[in-house]
Amino acid sequence: MGGGLFELRIKAAEGIARVFYCTVVDRRIVILHQFVKKTDKTPPKELEIARRRMKEVL
């Protein structure tokens, strides 16, 4: 996703879940946001939530 933000895709009965995460000091992984994707493109609102939370963590 760029800028240190990564995406994990998980198949579930409800659809394909997306999890945004980043890594911080000491190789820790921080889960920032998750949602079930229902369209081809990632909704800008969901991406903005993850980026805002990443700024808070870093």
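Under 5 Å between amide hydrogens, built in the peptide plane, is the criterion, and for LEU32 it picks out PHE20, TYR21, CYS22 among residues at least 5 positions away or on other chains. Annotated for the chain: lysine pairs at least 8 residues apart or interchain, Cα distance under 20 Å, count 5. Using C-alpha pairs under 8 Å with a sequence gap of at least 6, the mean separation divided by the residue count of the chain gives a relative contact order of 27 percent.
Let's see if you can work this out: charge +1 on each Lys and Arg Cβ, -1 on each Asp and Glu Cβ, no other charges. What is the dipole magnitude of the chain about its Cα centre, in debye to the nearest 20?
Roughly 40 debye, rounded to the nearest 20.
Pair-distance distribution P(r) for the chain, from all Cα-Cα distances in 10 Å bins starting at 0: 23, 54, 21, 2 percent.
Each reported figure results from applying straightforward, stated rules to the coordinates on display, with no laboratory input. Quick caveat, the model's predicted, so the values are computed rather than measured. Here the Cβ is made from the backbone with ideal geometry for all residues, glycine too, and neighbour counts use every protein chain on show.
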